[in-house]
Amino acid sequence: MSKKRDIPVFNYPIIETHCHLDYLKEAELSEVLAGAQAVGVEKIVTIAVSPDNLKTVRDLTAHDMIFGTQGVHPHDAEKFTEQTALEIREYGASRKMVAIGEIGLDYFYDHADRAIQRKVFEEQLAIAVELDQPIVVHTREADADTQAILKNFASHLKRKGVIHSFTSGLPLAEFCLNEGFMLGFNGIITFNKAENVRDVLRATPIEQLVVETDAPYLTPAPYRGRQNESKYLPFIIEKIAEVKELSVEVVLEQSYANAQRLFHYQ
């Protein structure tokens with residue numbers, strides 16, 4: 001069995017803008033953090049997805065390098081209650097919470113009624129406006145409705161946000177970029193059949209992208225098949241540099257600055 005290439009280590013810090021630390025089951029948190037730090041990861045944003053893990057995310061941010069978000073994913077939109085809204089409103093702008101998310105629409109899996117997804121997305125966008133927080137958006141097979149809803153809120157979201165794990169069409173990408181949002185890119189850009197995502201990456205200004213893993217999912221080549229972790233971010237950095245015909249140094253510096261600007265870490 002051939003040995004996989006070692007993870008490259010660069011002389012510049014990296015910010016992990018989107019992962020799910022509480023979903024990583026194959027390693028202890030201390031190991032995950034040590035592995036990330038060994039390749040230069042300075043900060044990690046772990047993302048809330050349901051009423052059940054809002055507090056889990058808050059608790060994880062007791063670690064110095066971990067930051068979090070508060071929000072409910074479209075898969076769990078039917079679990080969203082008035083109490084959930086109150087909890088997100090109470091903690092969504094606390095010191096180590098950097099955004100409202102992961103919110104949005106998912107018409108691929110349709111785990112929740114689409115009308116409820118749209119309603120819950122709008123409710124959480126209103127909370128983000130109220131708290132003056134950026135948003136972390138999930139959208140899949142829902143380009144038209146995502147654009148229509150964001151269009152109603154974009155001018156009120158002073159700090160905009162990021163469309164994470166961007167796999168949608170170029171028209172939605174162009175709309176989001178024109179409105180001042182960032183796009184998040186992860187291991188998908190290393191997949192052989194993801195030329196559509198690489199096309200969007202080529203069209204994205206370097207000043208409007210951030211890097212993420214979405215761990216434990218979407219492990220980049222050459223480690224596909226393993227649980228994803230933040231330590232694999234250097235492969236994503238390398239691939240962005242290759243696709244955009246830029247130096248790794250430029251991608252490192254600009255993606256770091258973009259993440260700082262997006263989330264205002266405290």
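The values are calculated or read from the model by the stated rules, or taken from the named source; none is laboratory data. What you are looking at is a predicted structure, and each value in this text was computed from that prediction instead of being measured. Neighbour counts run over all protein chains shown; Cβ positions are idealised from the backbone, glycine included. Just so you know, the surface numbers come from the protein's heavy atoms only, side chains and all, with ligands and any DNA or RNA stripped out. Shrake-Rupley method; radii C 1.70, N 1.55, O 1.52, S 1.80 Å.
Below are the figures for this structure:
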read-out: Breaking point among (1) assigned to a helix (DSSP H, G or I); (2) touching a Gly at 6+ places or on another chain (Cβ under 9 Å), for Lys55; value: (2)
read-out: Which listed residue, of Ala48, Ala38, Ala34, Ala27, is at pLDDT below 95 and under 22 Å from Thr219 (Cα atoms); value: Ala27
read-out: Residue that is in contact with a helix residue (DSSP H, G or I) (Cβ under 7 Å, 6 or more places away or on another chain) and either within 30 Å of Ile7 (Cβ to Cβ) or open to solvent by 20 Å² or more (accessible area, probe 1.4 Å) (or both), where the choices are Ile127, Ile100, Ile116; value: Ile116
read-out: Lone qualifier among Lys151, Lys193 - being part of a loop (DSSP other than H, G, I, E, B), at pLDDT 95 or above, open to solvent by 60 Å² or more (accessible area, probe 1.4 Å) and not small (Gly, Ala, Ser); value: Lys193
read-out: Tabulated pairs, region 112-136, first modelled with pLDDT of 95 or more, second of a type in the set (Phe, Trp, Tyr), C-beta under 6 angstrom, 6+ apart or interchain; value: Val120/Phe80; Leu125/Phe153
read-out: Residue, nearest to Met97 (Cα to Cα), within region 247-266, restricted to residues that are without any contact (Cβ under 8 Å) to a residue 60 or more places away in the chain and either touching a Leu at 6+ places or on another chain (Cβ under 7 Å) or surrounded by fewer than 20 Cβ atoms within 10 Å (Cβ to Cβ) (or both); value: Arg261
read-out: Region 85-136 - residue that is out of contact with any Asp or Glu (no Cβ under 8 Å at 6 or more places or on another chain) and aromatic (Phe, Trp, Tyr) and, of those, farthest from Gln147 (Cα to Cα); value: Tyr91
read-out: Residue list for region 90-143, restricted to those being touching a Phe, Trp or Tyr at 6+ places or on another chain (Cβ under 8 Å), under 15 Å from His18 (Cβ atoms) and not aliphatic (A, V, I, L, M); value: Gly104, Pro134, Arg140
read-out: Pair list, Cβ under 7 Å, 6 or more apart: region 58-76 residue in contact (Cβ under 8 Å) with a residue 60 or more places away in the chain and under 23 Å from Ile163 (Cα atoms), other residue surrounded by fewer than 19 Cβ atoms within 10 Å (Cβ to Cβ) and among the polar types (S, T, N, Q); value: His73/Ser50
read-out: Selection status of Met65, surrounded by fewer than 18 Cβ atoms within 10 Å (Cβ to Cβ) and either in contact with a Gly (Cβ under 8 Å, 6 or more places away or on another chain) or at pLDDT below 95 (or both); value: no
read-out: Number of positions in region 219-237 that are closer than 19 Å to Lys43 by Cα and open to solvent by 50 Å² or more (accessible area, probe 1.4 Å); value: 1
read-out: Leading residue by the ranking (farthest from Gln37 (Cα to Cα)) among those in region 198-218 that are out of contact with any Cys (no Cβ under 8 Å at 6 or more places or on another chain) and open to solvent by less than 10 Å² (accessible area, probe 1.4 Å); value: Val200
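A quick yes/no check of all residues on (1) of a type in the set (Asp, Glu); (2) within 19 Å of the chain's Cα centre (by Cα); (3) in a strand (DSSP E or B):
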position: Glu102; (1), (2), (3): yes, yes, yes
position: Leu105; (1), (2), (3): no, yes, yes
position: Ala128; (1), (2), (3): no, yes, no
position: Asp145; (1), (2), (3): yes, no, no
